[in-house]
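Novice: Shown below is the structure under consideration.
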Amino acid sequence: MPLLRRLTAIAGTAAAARSYVRKNPDKVNKAAAKAGQFIDKRTKGKYHHKIEGAVRKVHHMTARPATDPKHPGTDPTTH
């Protein structure tokens, strides 16, 4: 039973994170860029391309499409 509780807690945390990202995409992008710069500096550029790709993926994931692809003609910000 402890595994089920742990999985439930993780699912709740993931849902809260998705909600925060939807409501604050600019803050998430800024934090990701800052974290990427920090890590790149600490690793002395050794993983620059991987870090850059991860930050780019965050920026891509937080971009809001004009419409929801599952429901054309709807505004995704109202969901």
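The values are calculated or read from the model by the stated rules, or taken from the named source; none is laboratory data. Since the structure is predicted, the reported quantities are computational estimates derived from the model, not experimental observations. In this analysis, Cβ positions are derived from the backbone assuming ideal geometry, glycine residues included, and neighbour counts consider all displayed protein chains.
Novice: Do the conditions hold for LYS46, that is, is it modelled with pLDDT of 95 or more and not hydrophobic (A, V, I, L, M, F, W, C)?
Specialist: yes
Novice: Among ARG22, ARG56, which is touching a Lys or Arg at 6+ places or on another chain (Cβ under 9 Å), surrounded by 12 or more Cβ atoms within 10 Å (Cβ to Cβ) and not in a loop (DSSP other than H, G, I, E, B)?
Specialist: Answer to the selection: ARG22.
Novice: Show the residue pairs that are 6+ apart or on different chains and have beta-carbon atoms under 7 Å apart, the first residue being within segment 1-20 and on the phi < 0 side of the Ramachandran plot, the second being exposed (fewer than 10 other Cβ atoms within 10 Å of the Cβ) and in a helix (DSSP H, G or I).
Specialist: Hits for this filter: zero, empty list.
Novice: Consider only pairs whose beta carbons are under 8 Å apart and that are at least six residues apart or on different chains; among these, list those whose first residue lies in segment 24-39 and is in contact (Cβ under 8 Å) with a residue 12 or more places away in the chain and of a type in the set (S, T, N, Q) and whose second residue is assigned to a loop (DSSP other than H, G, I, E, B) and surrounded by 16 or more Cβ atoms within 10 Å (Cβ to Cβ).
Specialist: Listed pairs, sorted by first residue: none to list.
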